[in-house]
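Notes follow once the structure below has been shown.
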Amino acid sequence: MKKSDFKLASLKFDKFGLIPAIIQDYKNKDVLMLAYMNKESLRRTLKLGKTCFWSRSRKEYWVKGLTSGHFQFIKSVAYDCDLDTLLIKVRQVGKACHTGKRSCFFRKIK
């Protein structure tokens, strides 16, 4: 499928209308966070050029960085072979994690 052939309706959202979005630093490839989007938050992300997510706990949209100043500027948006996960590469300003860490994946099992 060519980029110009993409249709939002092609994506497979779950029964709650959500799709996981993996957020990755476009330069060093660090995985920064995972959040969820619905169709509208994905539309807003593409229009704004900044990540916009659906908060499952607060039941509202949130633009990453709006309150913290730690914005994520979109470099590319891709989807996986099953059409059920997004990979969004960003230019991260500040920290991605609400704990103050650059990445939400700072804890190791092994």
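Some points to look at:
- Surface analysis of region 1-59 yields an accessible area of 65 Å² per residue, using protein heavy atoms and a 1.4 Å probe.
- For region 1-77: rounded, prolate or oblate by the Cα gyration tensor [a/c cutoff 1.5]: oblate
- D (Stokes-Einstein, µm²/s), Kirkwood Cα radius, region 45-110, 1.306 mPa s at 10 °C: 120 µm²/s
- Highest-fluctuation residue, Lys75, Lys64, Lys15 considered, GNM on the chain with Cα pairs under 10 Å: Lys15
- 15 Å Cα-Cα reach of Lys39 towards aspartates and glutamates, excluding residues that sit fewer than 8 places from it in its own chain: Asp14, Glu60, Asp84
- Between helix 39-48 and the chain: long-axis angle, C-alpha atoms, 0 to 90°, nearest 10: 70 degrees
- Most mobile listed residue (Phe16, Phe53, Phe73) in the chain, GNM with C-alpha springs under 10 Å: Phe16
- Of all accessible heavy-atom area on the chain, the percent that carbon and sulfur account for (1.4 Å): 55 percent
The values are calculated or read from the model by the stated rules, or taken from the named source; none is laboratory data. These numbers come from a predicted model, not from an experiment. Keep in mind that these areas ignore ligands, DNA and RNA; they rest on the heavy atoms of the full protein, side chains included. Shrake-Rupley method; radii C 1.70, N 1.55, O 1.52, S 1.80 Å.
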